[in-house]
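Have a look at the structure below before the remarks.
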Amino acid sequence: MTKADIVNEISRATGIEKTAVLATVEKFMDVVKDNMANGENVYLRGFGSFIIKTRKEKTARNISKNTAIRIPEHKIPAFKPSRVFLDQVK
């Protein structure tokens, strides 16, 4: 399912114009991205949490040059579904 499919489905189910639904979906994504970029997690009860995980520093190998590379600690975005969400998918 794409963003356009989501917009079409919400518009069809609610009767709201597609342009208004698209603007709402875009703003939702902007708010989630902005909060996560500022180091804040986003919690949606009954759906899941957009969280920031920290990957520890590690040593990797460059196979072509046969050298070790140090990858520093860094943060990555992640999604953790709620138990209700997991139960529906199972």
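The values are calculated or read from the model by the stated rules, or taken from the named source; none is laboratory data. Nothing here was measured: the structure is a model prediction, and the numbers come from that model. As a convention, Cβ positions derive from the backbone with ideal geometry for all residues, glycine included, and neighbour counts pool all protein chains shown. Side chains are part of the model used for accessible areas, which takes the heavy atoms of the whole protein and leaves out ligands, DNA and RNA. Shrake-Rupley method; radii C 1.70, N 1.55, O 1.52, S 1.80 Å.
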Close pairs from the range 27-52: first without any contact (Cβ under 8 Å) to a residue 12 or more places away in the chain, partner exposed (fewer than 13 other Cβ atoms within 10 Å of the Cβ) and assigned to a loop (DSSP other than H, G, I, E, B), Cβ under 8 Å, at least 6 apart: none
Can you name the residue in the range 6-19 that is out of contact with any helix residue (DSSP H, G or I) (no Cβ under 8 Å at 6 or more places or on another chain) and assigned to a helix (DSSP H, G or I) and is also most open to solvent (accessible area, probe 1.4 Å) among such residues? R12
Residue check for R83: open to solvent by 70 Å² or more (accessible area, probe 1.4 Å) and free of Cβ contacts under 8 Å to residues at least 12 places away in the same chain: yes
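Can you tell me which of N38, N62 is under 18 Å from the mean Cα position of the chain (by Cα), among the polar types (S, T, N, Q) and exposed (fewer than 11 other Cβ atoms within 10 Å of the Cβ)?
On the way: N62 fails: under 18 Å from the mean Cα position of the chain (by Cα).
On inspection, the qualifying residue turns out to be N38.
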